[in-house]
Structures are given as C-alpha cells and as structure tokens.
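Participant: Dumping the structure here so I can ask a few things about it.
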Amino acid sequence: MFAVLKTGGKQYKVQSGDVLRVEKLAADAGEKIQFNEILMVGATVGAPFVEGAAVQADVIDQIKGEKVIHFVKRRRKHGSKRTKGHRQQLSLLRITDILEKGGDKSGVRAAIGAGSVSSVAVAAAAPKAAAKKAAPKKAAAKAEAPKKAAKAEAPATADDLKKLSGVGPALEKKLLEAGVTTFAQIASWSDADVAEMDEKLSFKGRIEREGWIEQAKELTKG
C-alpha cells in the first residue's frame, strides 16, 4: 500500500520501508514520529486530507543536503559579484507503517517542523497562560478603584468665586483646593495673607491688581 503525505510544504509518495529525506523535523535520531496530513491512501483521496489516516516513520538521522551555490553578478560600471553557499537542514526517515484509519488514536507524536512550536512547548505554556488569565489585571483594578475627582467640587456652603474679577473655572478650582470657599474669607485677608496666597498659587499680584478684597467685601454685603 502507498500513501501521499505532506510535510514542509512538499508532497511525498511513500510505501512501508522507504527511506526519504524531508525538511528538518523537531525530532531526535531513533525517535518515532507520525505524519497526519495524508492526501491519499491507496485509492482513497482526501478532501484535502484523509480522515484518520497516518504515516509513521523512524528518524534515522538529522543531516544536511548537498551544497547549493548561489552566484549573483551585476553588470554595471561599478558592478558587484557575490557567491553564497547553502546546505539545507534535513531529516532522514524510514517509513514503518501506513494507517488507513485510527491514526488519531495511535499515541505516536506528530511530526513537527523544526521551525514550529512543539506540542511540548504548547503544553508547558498552557498553565502559565491560564494563571495569567486568572490573575487580576492592573488595568481592571485601576478601573474598579475609586477615581479621583476630575476637579475640586465646591462645598454646599461655598460662594460662587467666579463673581470676582478675573476668576474663571480654572482659577476657582485653585482657590477651592487652597481652602478658599467664601467671599468672607477673602474680605478678611491681611497683607500677609495676600502675600502668602500670591506665593502659594503663583498669582503674581493679581489679588491686589484685580481688587479682590474690596470686591469680596461688597459681595458679602449683597
């Protein structure tokens, strides 16, 4: 019986006992592997693969193919020449069994390309992935944590400080954060209080220039 298997992007027609070279597989010499991508077994053609079919093989050795020379020459005034050699990494196999069905229950390790992630690595990474998924995320914790107020909210007894000349929402926020909430507080400021507030909030003489104390006294009367 013969089968057509697929590995490394190529197709191979094989029979039991055949020795063939394929692109390097992640397996050691003496190890038994199984190909599950079977395009054809005897007269059964897959769509694209034959369900349950498999081809088993023993790894004889890991070898290198013949050297391939790659030569490039550019014909220009200042042309260049370059020669490169390459030897393809290969696995030497001996086909042992061709299974028409039951390949998915054989227990033999599937053939995996050397550049692919092995099933062992996937199995080892699974517990870590599960633990990471179960762990609370920092972003979620931040979202659930009480958020700081975007702006300082005035107490219920606070005056509308925006009535003072030159005071807008941003400046009102600074005053509220400094504990200034009423016109009465501003009306009672001494020269020392004004100097301290100028330095604390970087007002640079704005209090005197705008006449806040006089305005506050008038607003307190009203």
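Participant: Quick check on the stretch 161-221: take the gyration tensor over C-alpha atoms, sort the square-rooted eigenvalues as a ≥ b ≥ c, and tell me if it's rounded (a/c under 1.5), prolate or oblate.
Facilitator: Values: a/c = 1.38, a/b = 1.11, b/c = 1.24.
Rounded is the answer for the stretch 161-221, as its axis ratio a/c remains below 1.5.
Participant: For the cross-link pairs LYS174/LYS217; LYS24/LYS67; LYS6/LYS73; LYS13/LYS84, which exceed 25 Å when the distance is taken from alpha carbon to alpha carbon? Provide the component values of the computation, followed by the final result.
Facilitator: Numbers: LYS174/LYS217 21 Å; LYS24/LYS67 16 Å; LYS6/LYS73 36 Å; LYS13/LYS84 32 Å.
Over 25 Å Cα-Cα: LYS6/LYS73; LYS13/LYS84.
Participant: Hey, rough spin-label estimate for ARG209 and GLU100, points 7 angstrom out along Cα→Cβ, what's it come to in nanometres?
Facilitator: So the label points at ARG209 and GLU100 sit 9.8 nm apart.
Participant: A further question on this structure: Along Cα→Cβ, 7 Å out, is where each label goes; now give me the distance between the ones at THR157 and GLN15 in nm to one decimal.
Facilitator: Once both label points are built, they end up 10.4 nm from each other.
Participant: Then there is this: Determine, for ASP160, ASP198, the number of other Cβ atoms within 10 Å of each Cβ, and report the residues in order from fewest to most.
Facilitator: Working: ASP160 11, ASP198 15.
By the 10 Å Cβ count, ascending, the order reads ASP160, ASP198.
Participant: Note down the magnitude of the dipole of the stretch 1-94 about its Cα centre, charges +1 on Lys and Arg C-beta and -1 on Asp and Glu C-beta and zero elsewhere, to the nearest 20 debye. Numbers along the way, then the final one.
Facilitator: Details: 18 positive and 9 negative charges, 315 e Å.
Once rounded to the nearest 20, the dipole reads 1520 debye.
Participant: If you keep only loop residues by DSSP, which trypsin sites (Lys or Arg not before Pro) in the stretch 46-75 have at most 14 other Cβ atoms within 10 Å of their Cβ? The partial results should precede the final answer.
Facilitator: Details: sites: LYS64, LYS67, LYS73, ARG74, ARG75; in loops: LYS67, ARG75.
Counting only loop positions with at most 14 other Cβ atoms within 10 Å, the trypsin sites (Lys or Arg not before Pro) in the stretch 46-75 are LYS67, ARG75.
Participant: Same structure, new question: Could you give the nm distance between label points at LYS173 and ASP61, where each point is 7 Å from its Cα heading toward the beta carbon?
Facilitator: 7.6
Read-outs throughout are calculated quantities, based only on the coordinates presented, and are distinct from any laboratory measurement. Everything quoted here is computed from the prediction, not taken from an experiment. Methodologically, a virtual Cβ is constructed for each residue, glycine included, from the backbone with ideal geometry; neighbour enumeration extends over all protein chains shown.
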